[in-house]
Amino acid sequence: MKVPKKISIKEVGPRDGLQNEQVLLSTSDKISWIDMLSVTGLSYIEITSFVHPKWIPPLRDALDVAKGIKRQPGVTYAALVPNRKGLERAISGNIDEAAVFMSASETHNQKNINKPISETLPILKEVITEATEAKLTTRAYLSTVFGCPYEKNVPLEQIVRISETLFEMGIDELSLGDTIGAANPVQVELILETLLNRFPKEKIALHFHNTRGMALANIITAMNMGITSFDGACGGLGGCPYAPGSSGNAATDDLIYMCAQMGIETGVELGKLLLAAKWIEEKTGRQLPSHNLQAAKSIDCFS
Ligand code: HMG
Ligand code: MG
């Protein structure tokens, strides 16, 4: 197996995780948690989302969170940005990277961002151009690449065509989303074989949800094909309110443990990350899916 020496983990828990929680956290709790994550060795944290607060009420305090956190040198602080209005708010919150998002399938795109794909692309182009002019880096999420809750399989040509358009707009990274956690390693290999023929592997990230327990298997497959950028959520939080069946992201804790055991550098201290996972678990009031968090609790690691 070809595994990389080093991978980069993009922590999306404060955005993908908290957007989907029933318990509403206070702004100061969000800030405290992000500050804990900032000192774990993570180099990238997606801290919030500048979408319409009516659509994602748990993140309605996005600007206060962005203004309240203690920034650590060397950490990129990113946020989800759907449109120009979101970008204005993100810039006033001093965000380093704007993450635009859309879906490879028409129905999920419509349900998630209230527009067909054809009307979404010009909006994203505008955001990417203006963000770049404002010296922000940009990433684009392409959701439902490995399956759509409404349309099931999404044609590969459609994934290629939209990816091409997003790269032409100048994005720095494309994160391919397994929004409903439906992917399997054979499918990951098939899709990556096609995409890596067209786009540089350094510009592709993978965003697996772990609905069916396949996230780490899929990550190993992608690593074996040269991908080194992976999204994860502390504690295994995560989910898209507009994708039925979408549950937690790949748990950052489990990803770090696996990499450490395999001799792959992540730069993140598992002990510190687990403390942050335990802290947010207590705030959410439910048992989180991270295996390493539950294992650490069962052997009294925190006492
Ligand atoms: P819309 O209602 O179609 O927007 O929402 P609009 O442009 O027609 O504007 C309507 C009103 O909203 C206007 O106000 C705008 O000013 C306001 P009015 O003039 O009527 O008073 N508005 C805004 N206000 C604040 N911030 C903004 C903003 N934009 C417009 N940014 C929109 C379109 C995209 C904004 C809406 O559909 C939305 O916010 N959707 C949220 C979708 C979302 O956050 N989904 C979850 C994240 S995606 C995900 O989880 C997948 C991912 O993790 C990858 C994966 O797993 O695959 C990324
Ligand atoms: Mg997601």
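Relative contact order for the chain: what is it in percent, counting Cα pairs under 8 Å that are at least 6 residues apart? Present the calculation step by step, with values, prior to reporting the outcome.
Numbers: 633 pairs, mean separation 64.2, N = 303.
It comes to 21 percent, rounded to a whole number.
Please work out the ratio of the alpha-carbon Rg of the chain to 2.2 N^0.38 Å and round it to two decimals.
The value comes to 0.91.
Taking the alpha carbon gyration tensor of the range 160-267, what are the square roots of 5 times its eigenvalues, largest first, to the nearest whole Å? Mind showing how you got there, number by number?
Numbers: eigenvalues 92, 61, 33 Å².
Over the Cα atoms of the range 160-267, the ellipsoid semi-axes are 21, 18, 13 Å.
Give me the number: length gained by fully extending K135 to K115, i.e. 0.36 nm times residue separation minus the C-alpha to C-alpha distance, one decimal in nm.
Details: separation 20, 0.36 × 20 = 7.20 nm, distance 2.76 nm.
Contour length minus the Cα-Cα distance gives 4.4 nm.
Please enumerate, by chain and number, the aspartates and glutamates with C-alpha under 17 Å from the C-alpha of K70, excluding those fewer than 8 residues away in the same chain.
Straight-distance partners of K70: E11, D29, D35, E46, D61, D96, E97.
Under 10 Å from the Cβ of C259, count the other residues' Cβ atoms, weight Lys and Arg +1, Asp and Glu -1, and hand me the total. Could you put the intermediate results ahead of the total?
Details: positive: K6; negative: D254, E265.
It works out to a net charge of -1.
How large a share of the accessible area of the range 136-236, in percent, is made up of carbon and sulfur atoms when the probe is 1.4 Å and the other protein chains stay in place?
Values: 1770 of 3550 Å².
Ligands and nucleic acids excluded, carbon and sulfur give 50 percent.
In square angstrom, what is the accessible area per residue of the range 200-296 with a 1.4 angstrom probe? Could you put the intermediate results ahead of the total?
Values: 3500 Å² over 97 residues.
Spelled out: the 1.4 Å probe surface of the range 200-296, per residue, equals 36 Å².
Using θ = phi - 60° and the Karplus relation 6.51 cos²θ - 1.76 cosθ + 1.60, list the HN-Hα couplings for the range 208-215 in order, rounded to whole Hz, with x at every Gly or Pro.
Along the range 208-215, the couplings run 9, 8, 10, 3, 10, x, 9, 4 Hz.
Once you list every other residue whose beta carbon is under 9 Å from the beta carbon of N249, what net charge do they have if Lys and Arg are +1 and Asp and Glu are -1?
Numbers: positive: none; negative: D16, D231.
Around N249, the charge tally is -2.
In sequence order, what are the phi-derived ³J(HN,Hα) couplings for the range 125-140 according to the Karplus relation 6.51 cos²θ - 1.76 cosθ + 1.60 with θ = phi - 60°, rounded to whole Hz, with x for glycine and proline?
4, 4, 5, 5, 5, 5, 5, 5, 4, 7, 6, 8, 7, 9, 9, 10
Just to confirm a number: summing +1 for Lys and Arg and -1 for Asp and Glu over residues other than C234 whose beta-carbon lies under 11 angstrom from that of C234, what do you get?
-3
Starting from the Cα gyration tensor of the range 1-110, multiply each eigenvalue by 5, take the square root, and state the resulting semi-axes largest first in whole Å.
Details: eigenvalues 97, 77, 39 Å².
Here the semi-axes work out to 22, 20, 14 Å.
Could I have the simple spin-label model distance between V39 and E164, label points 7 Å from Cα toward Cβ, reported in nm to one decimal?
Going by the 7 Å Cα→Cβ label model, 4.9 nm.
Show the residues, 5+ positions off or on another chain, whose built amide H is closer than 5 Å to the amide H of F146.
T179
Averaged per residue, what accessible area in Å² does the range 67-160 show with a 1.4 Å probe, protein chains only?
With the other protein chains kept in place, the range 67-160 gives 44 Å² per residue.
Okay, helix-only estimate at 222 nm for the chain: each DSSP H run of n ≥ 4 adds -39500 (n - 2.57), divide by all residues, round to 500 deg cm²/dmol; what do you get? Intermediate results must be reported in sequence, preceding the final value.
Working: 11 runs with 122 residues, N = 303.
Taking each H run of at least 4 residues, the total per residue is -12000 deg cm²/dmol.
Taking amide hydrogens as modeled 1.01 Å from N in the peptide plane, which residues meet the under 5 Å criterion relative to C240, leaving out close sequence neighbours?
For C240, whose amide H was placed from the backbone, the distant partners under 5 Å are S246.
Sequence-distant or interchain residues sharing an amide H contact under 5 Å with Y141, placed H: which?
V100, F101, M102, S175
So what is the relative contact order for the range 191-238, in percent, with contacts set as C-alpha pairs under 8 Å and at least six apart?
Details: 30 pairs, mean separation 21.8, N = 48.
Normalised by residue count, the contact order of the range 191-238 is 45 percent.
Please report the accessible area of C301 (heavy atoms, 1.4 Å probe, ligands and nucleic acids excluded) in Å², nearest 10.
Its heavy atoms expose roughly 80 Å² to the probe.
In whole angstrom, how far apart do the alpha carbon centroids of the range 65-128 and the range 225-247 sit?
Rounded to whole Å, the Cα centres lie 17 Å apart.
Can you run phi through the Karplus equation (6.51, -1.76, 1.60; θ = phi - 60°) for the range 270-282 and list ³J(HN,Hα) in whole Hz, with x for Gly and Pro?
4, x, 5, 5, 5, 5, 5, 5, 5, 4, 6, 4, 4
The values are calculated or read from the model by the stated rules, or taken from the named source; none is laboratory data. Keep in mind that what you see is a predicted model, and the values were worked out from it rather than measured. Positions of Cβ are backbone-derived with ideal geometry, glycine not excepted, and every protein chain shown enters the neighbour counts. Just so you know, the surface numbers come from the protein's heavy atoms only, side chains and all, with ligands and any DNA or RNA stripped out. Shrake-Rupley method; radii C 1.70, N 1.55, O 1.52, S 1.80 Å.
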